[in-house]
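This report concerns only the one structure given below.
The values are calculated or read from the model by the stated rules, or taken from the named source; none is laboratory data. Because the structure is a prediction, the values reported are computed rather than measured. Every residue, glycine as well, gets a Cβ built from its backbone with ideal geometry; the counts of neighbours run over all protein chains shown.
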Amino acid sequence: MYKNLWGCNLMTFANNQFFAFISFILIVGFVVYKIVQAQNGKIPAIRRIAGLDAIEEAVGRATEMGRPVHYSPGVGALDAATFAGLELLDLVAKQVARYGADLIVTIRQPIVLPIAEEVVKTGYRSAGVEEAYNPDSVRFISQEQFAYAAGTMGIMEREQVAANLMLGYFLAESILLAETGFKAGAIQIAGTDNRSQVPFFVTTCDYVLIGEELFAAGAVASQNPLKLGSIAGQDLAKIYAIALLVIGSVAANFGITAISNLLSK
Amino acid sequence: MKVAKLISLVFAIVLILQFFFVSDTINTFGNTITSWNIVIAAFAMGLAAINLIRIHVIRIQLKRENWINSLVLIIVLVSQAGVGLFLGDDSSQYMFFFDGILNPLGATMYALIAFWIASAAFRAFKARTIDSTALLTVGIIVMLGNAPVGEVIWSQFPVLQEWLMNVPAMAAIRALYIGAAIGGIAVGVRVLSGIESGHLGAGE
């Protein structure tokens with residue numbers, strides 16, 4: 001279905017994207033509204049995330065044991081989950097720098113490498129120990145999925161990592177990495193938005209950030225009011241989604257198809 | 001920093017508009033940005049190769065544990081690049097490395113997943129708590145519902161399996177999808193508005 005935008009002939013909606021666009025604008029609006037509220041001093045209280053609290057414990061444990069912390073921001077390119085993973089890498093780099101532990105970051109996507117290097121370097125700089133930053137701590141392994149898995153598994157076994165943090169988008173290598181971390185005796189914290197990999201992480205890791213928790217974790221960890229505001233905006237967006245689901249389900253049961261028709265536009 | 005943030009925002013808006021609308025102007029801009037992305041990715045590949053070579057050359061120089069693996073990696077990397085450059089990436093010699101070595105190794109790793117799942121499942125399915133008992137019970141029902149022998153044991157196993165997958169599991173999956181999609185948009189807003197700028201080298 002093609003529709004003119006505001007009666008203007010410059011652009012028309014792509015197939016079945018009319019309602020998606022309206023929802024997208026509404027969700028962005030909710031997030032921006034709550035960010036502005038937070039900017040004006042109305043900072044929302046966000047619950048703690050268990051997996052997030054465990055990161056400091058994991059880094060502390062690695063420091064005491066004199067063994068490195070392994071971090072993977074996932075195997076995706078620059079998507080939302082990878083950005084969330086890089087946001088958390090910033091937190092981990094600061095903690096590692098503060099404790100004086102060793103950090104190994106393994107990378108699959110070349111485009112993520114320079115960003116991860118910058119994030120880790122910035123983390124060390126923020127902790128006031130930029131000179132302790134080791135350029136070899138961020139390692140490109142391979143763009144091939146299972147070559148990346150094999151290389152990372154080898155590093156985890158050889159270096160006997162004490163903490164294994166996997167936060168980002170993961171595919172079938174999730175179970176390989178998590179089981180290797182378990183065999184190395186590492187405390188494991190994982191998070192992904194890929195639902196087919198969540199069961200593997202749940203069965204093998206100590207803490208798991210499921211779906212949106214991954215996206216919220218960086219904001220919660222930073223305690224930055226604007227980032228916390230964006231999380232509160234997500235809650236408004238969820239209320240909108242739930243309202244659509246409930247009203248749509250009830251209406252469909254009464255034979256009213258207005259909501260389902262609207263969703264398909 | 002401000003210029004970098006502005007570029008990110010403008011390019012993102014163009015790509016978002018390209019996704020939702022049909023417009024020749026937007027399409028031209030969007031496709032140009034995508035082409036630039038490919039060029040940047042190619043440069044990133046060069047940086048990644050430098051990172052890989054530097055780390056493994058140091059390992060060889062310092063004769064670290066299993067340094068011989070690093071030597072093999074460097075030899076394969078250089079020889080494959082050489083074959084590609086001089087004989088072409090469609091030559092039989094170039095394809096030999098893919099078809100004869102890389103693909104079988106990848107398939108081997110993939111096949112190993114079954115064993116890793118078995119060892120993970122062995123730990124997870126121990127009925128020590130209410131949660132793990134529920135996981136074990138549901139796992140058994142779903143497995144029996146999928147296997148032909150399940151229907152022979154009890155005809156209702158496939159029906160129960162279908163209900164478990166289509167109702168409680170599907171509800172959880174949709175909740176995960178909706179939450180993750182909204183969370184992804186929130187991350188996008190944070191990145192594009194410059195609130196999250198760690199990737200640009202800006203610390204908190």
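Against the definition (within 16 Å of A:Ala163 (Cα to Cα), more than 10 Å from every other protein chain (Cβ to nearest Cβ) and in contact with a Leu (Cβ under 9 Å, 6 or more places away or on another chain)), how does A:Pro68 come out, yes or no?
So A:Pro68 fits the description; yes.
Return the pairs, sorted by first residue and then second, in which the second residue is of a type in the set (D, E, K, R) and surrounded by 14 or more Cβ atoms within 10 Å (Cβ to Cβ), the first residue lies in the range B:95-110 and is within 11 Å of chain A (Cβ to nearest Cβ), the beta carbons are less than 8 Å apart, and the residues are 6+ apart or on different chains.
Between residues of the range B:95-110 that are within 11 Å of chain A (Cβ to nearest Cβ) and residues that are of a type in the set (D, E, K, R) and surrounded by 14 or more Cβ atoms within 10 Å (Cβ to Cβ), the close pairs are B:Leu102/A:Glu144; B:Gly106/A:Glu144.
Looking at the range A:65-98, which of the residues that are charged (D, E, K, R) and over 13 Å from the mean Cα position of the chain (by Cα) is nearest to A:Leu113 (Cα to Cα)?
Filtering the range A:65-98 for residues that are charged (D, E, K, R) and over 13 Å from the mean Cα position of the chain (by Cα), the one nearest to A:Leu113 (Cα to Cα) comes out as A:Lys94.
Taking the options A:Glu159, A:Glu144, A:Glu130, name whichever one is in contact with a Pro (Cβ under 6 Å, 6 or more places away or on another chain), farther than 26 Å from B:Leu176 by Cβ, at pLDDT below 95 and not small (Gly, Ala, Ser). It would help to see each step written out before you state the result.
Numbers: A:Glu144 fails: in contact with a Pro (Cβ under 6 Å, 6 or more places away or on another chain); A:Glu130 fails: in contact with a Pro (Cβ under 6 Å, 6 or more places away or on another chain).
After ruling out the rest, the residue left standing is A:Glu159.
A quick yes/no check of all residues on (1) among the basic types (Lys, Arg); (2) touching a Ser or Thr at 6+ places or on another chain (Cβ under 8 Å); (3) part of a helix (DSSP H, G or I):
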position: A:Phe30; (1), (2), (3): no, no, yes
position: A:Tyr33; (1), (2), (3): no, no, yes
position: A:Arg48; (1), (2), (3): yes, no, no
position: A:Arg67; (1), (2), (3): yes, no, no
position: A:His70; (1), (2), (3): no, yes, no
position: A:Gly76; (1), (2), (3): no, yes, no
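Sort through B:Leu144, B:Leu136, B:Leu112 and tell me the only one that's under 30 Å from A:Cys205 (Cα atoms) and in contact with a Gly (Cβ under 7 Å, 6 or more places away or on another chain). Before the answer, list the steps.
Details: B:Leu136 fails: in contact with a Gly (Cβ under 7 Å, 6 or more places away or on another chain); B:Leu112 fails: in contact with a Gly (Cβ under 7 Å, 6 or more places away or on another chain).
The match here is B:Leu144.
Could you figure out which of (1) touching a residue at least 24 places away in the same chain (Cβ under 8 Å); (2) within 14 Å of chain B (Cβ to nearest Cβ); (3) out of contact with any strand residue (DSSP E or B) (no Cβ under 7 Å at 6 or more places or on another chain) isn't true of A:Val92?
Evaluating A:Val92 over (1) touching a residue at least 24 places away in the same chain (Cβ under 8 Å); (2) within 14 Å of chain B (Cβ to nearest Cβ); (3) out of contact with any strand residue (DSSP E or B) (no Cβ under 7 Å at 6 or more places or on another chain) leaves (3) as the failure.
Residues are listed down the side, and each one gets a yes or a no for (1) closer than 26 Å to B:Glu162 by Cα; (2) in a helix (DSSP H, G or I); (3) among the β-branched types (Val, Ile, Thr):
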position	(1), (2), (3)
B:Glu65	no, no, no
B:Leu77	no, yes, no
B:Asp90	no, no, no
B:Met95	no, yes, no
B:Ile101	no, yes, yes
B:Pro104	no, yes, no
B:Ala107	no, yes, no
B:Leu112	no, yes, no
B:Arg128	no, no, no
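Out of B:Ala121, B:Ala172, B:Ala181, which single residue is at the interface with another protein chain (Cβ under 10 Å from one of its Cβ atoms), assigned to a helix (DSSP H, G or I) and closer than 30 Å to A:Val119 by Cα?
Unique residue meeting the criteria: B:Ala181.
Taking the criterion of being more than 9 Å from every other protein chain (Cβ to nearest Cβ), more than 24 Å from B:Gly194 (Cβ to Cβ) and surrounded by 15 or more Cβ atoms within 10 Å (Cβ to Cβ), would at least one residue in the range B:42-55 satisfy it?
Checked the range B:42-55: at least one residue is more than 9 Å from every other protein chain (Cβ to nearest Cβ), more than 24 Å from B:Gly194 (Cβ to Cβ) and surrounded by 15 or more Cβ atoms within 10 Å (Cβ to Cβ).
Can you name the condition, by its number, that A:Leu171 falls short on among (1) under 30 Å from B:Leu105 (Cα atoms); (2) touching a strand residue (DSSP E or B) at 6+ places or on another chain (Cβ under 8 Å)?
(2)
In the range A:212-244, how many residues are under 20 Å from B:Arg174 (Cα atoms) and surrounded by 13 or more Cβ atoms within 10 Å (Cβ to Cβ)?
15
Give the range B:77-94 a look and list any residue that's under 27 Å from the mean Cα position of the chain (by Cα) and surrounded by 14 or more Cβ atoms within 10 Å (Cβ to Cβ), or say none.
Matches in the range B:77-94: B:Leu77, B:Gln80, B:Gly84, B:Tyr94.
Among the listed residues A:Arg108, A:Arg98, A:Arg125, identify the single one that is at the interface with chain B (Cβ under 9 Å from one of its Cβ atoms) and basic (Lys, Arg).
So the residue among A:Arg108, A:Arg98, A:Arg125 that is at the interface with chain B (Cβ under 9 Å from one of its Cβ atoms) and basic (Lys, Arg) is A:Arg125.
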